[in-house]
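Asker: Here it is, the structure in full.
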Amino acid sequence: WPVNVKAMEDYRACRERYDDLASQRDDLVKAQDDLLGIIDSLQKQMEKQFMENFHLLQQYLSETFVKLFGGGKAELRLVDEKDVLGCGIDIVAQPPGKKLQMLSLLSGGERALTAIAILFAMLKLKPTPFCILDEIEAALDDANIGYYADYLKEYSKGTQFIVVTHRKGTMERCNSLFGVAMEEQGVSRMVSVSLQDYQE
């Protein structure tokens, strides 16, 4: 058999390459473990923060629902409490004089007012100085318009609202009205009225 006189050099070069690749592999494995640890830590923090805010939202929804409906109760339920960040949320409501039921089983007006209650609960959880509402009360009857408009008026002390609406009950409780009038065909004109002087 022929003797490889460069065997020691080949071994040294091969060993150096092996050690270099093994070191890179160890660095990658450590980086992967570190990233997985960070992801796990973030996941736990997100779950904790989500559950804290979810319970607060639940509380605010209960208060807002009672004020808007004049009674009853509503709650939010996680579909799977073991997967709080990936599961759905069920909305269960009980308007005054009715049994507790899923949102999908309520009438159109009750669903709309429940959705409005959730919106105001979210605004209470994360207040904003400015909000635009575009005909969110369109499906409500006149009695519920009153509840909604009164609550909106009360809430407007801390948040400025621009409300797009055609409902008289809502317009009656606004500070200012802006509209577009067409006095002649094809010619539009802005009209504005301040109601603050008349409400005092």
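The values are calculated or read from the model by the stated rules, or taken from the named source; none is laboratory data. Everything numeric in this text was worked out from a predicted model, so none of it was measured. Cβ placement follows ideal geometry from the backbone for every residue including glycine, while neighbour counts extend to all protein chains displayed. In case anyone asks, the SASA skips ligands and DNA or RNA and just uses the protein heavy atoms, side chains included. Shrake-Rupley method; radii C 1.70, N 1.55, O 1.52, S 1.80 Å.
Asker: Counting Lys and Arg as +1 and Asp and Glu as -1, each charge on the Cβ, what is the dipole of the stretch 63-191 about the Cα centre in debye, to the nearest 20?
Answerer: Values: 15 positive and 17 negative charges, 68 e Å.
Using only the charged Cβ atoms, the result is roughly 320 debye.
Asker: Per the helix-only calculation at 222 nm, which mean residue ellipticity applies to the chain, given -39500 (n - 2.57) for every DSSP H run of n ≥ 4 and division by its residues, nearest 500 deg cm²/dmol? Could the numbers behind the result be given before it?
Answerer: Values: 5 runs with 104 residues, N = 200.
Calculated from helices alone, the mean residue ellipticity at 222 nm is -18000 deg cm²/dmol.
Asker: Excluding ligands, DNA and RNA, what is the solvent-accessible area per residue of the stretch 1-113 at a probe of 1.4 Å, expressed in Å²?
Answerer: On the way: 8300 Å² over 113 residues.
Accessible area per residue, the stretch 1-113: 73 Å².
Asker: Kindly identify the stretch 62-103 as rounded, prolate or oblate by the Cα gyration tensor criterion: order the square roots of the eigenvalues as a ≥ b ≥ c, call it rounded if a/c is under 1.5, otherwise compare a/b with b/c, prolate if a/b is larger, else oblate.
Answerer: Details: a/c = 4.21, a/b = 2.32, b/c = 1.82.
Note, shape of the stretch 62-103 comes out prolate.
Asker: So, one more: Starting from the coordinates of the alpha-carbon atoms of the stretch 82-144, obtain the Kirkwood hydrodynamic radius over all distinct pairs and give the value in Å to one decimal.
Answerer: On the way: mean 1/r = 0.0735 Å⁻¹.
Over the stretch 82-144, the inverse of the mean reciprocal pair distance is 13.6 Å.
Asker: Hand me the trypsin sites (Lys or Arg not before Pro) from the stretch 107-200 located in a DSSP loop with no more than 14 other Cβ atoms within 10 Å, in residue order please.
Answerer: Working: sites: 111, 124, 153, 157, 167, 168, 173, 189; in loops: 157, 167, 173.
Counting only loop positions with at most 14 other Cβ atoms within 10 Å, the trypsin sites (Lys or Arg not before Pro) in the stretch 107-200 are 157.
Asker: Separate question: Lysines within cross-link reach of residue 124: Cα-Cα under 28 Å, excluding same-chain residues under 8 positions apart?
Answerer: Filter leaves 44, 48, 67, 73, 82, 98, 99, 153, 157, 168.
Asker: Only four residue types carry charge here, +1 at the Cβ of Lys and Arg and -1 at the Cβ of Asp and Glu. Report the dipole size of the stretch 85-158 about the Cα centre in Debye, rounded to the nearest 20. Spell out each step's value before the answer.
Answerer: On the way: 7 positive and 9 negative charges, 71 e Å.
With Lys and Arg at +1 and Asp and Glu at -1, about 340 debye.
Asker: Could I ask something else about it? Would you kindly state how much longer the chain becomes between residue 190 and residue 73 on full extension, computed as 0.36 nm times their sequence separation minus their alpha carbon distance, in nm to one decimal? Provide the component values of the computation, followed by the final result.
Answerer: On the way: separation 117, 0.36 × 117 = 42.12 nm, distance 4.22 nm.
Difference between extended and current length: 37.9 nm.
Asker: Next question, about the same structure. If you find the alpha carbon centre of the stretch 138-170 and of the stretch 36-83, how far apart are they in angstrom?
Answerer: Cα centroid to Cα centroid, the span is 26 Å.
Asker: Sticking with this one: How big is the Kirkwood radius of the chain, worked out from every pair of different alpha carbons and given in Å to one decimal? Working shown, then result.
Answerer: Details: mean 1/r = 0.0451 Å⁻¹.
One over the average 1/r among Cα pairs gives 22.2 Å for the chain.
Asker: Given a 1.4 angstrom probe, I'd like the percentage of the accessible area of the stretch 52-200 that is carbon and sulfur, rounded to a whole number. Each step should come with its number before you reach the end.
Answerer: Working: 4860 of 9100 Å².
Roughly 53 percent, rounded to a whole number.
Asker: Of the beta bridges DSSP finds with both residues in the chain, what % are antiparallel, to the nearest 5? The partial results should precede the final answer.
Answerer: Values: 16 of 21 bridges.
DSSP beta bridges in the chain are roughly 75 percent antiparallel.
Asker: Within the stretch 1-109, report the GluC sites (Glu not before Pro) that DSSP leaves as loop and that have at most 14 other Cβ atoms within 10 Å. Walk me through the intermediate numbers first.
Answerer: On the way: sites: 9, 16, 47, 52, 63, 75, 81; in loops: 81.
The qualifying sites are 81.
Asker: Let me ask something else about it. How large are Rg and Dmax for the stretch 136-200 when only the alpha carbon atoms are used, in Å?
Answerer: 13.5, 41
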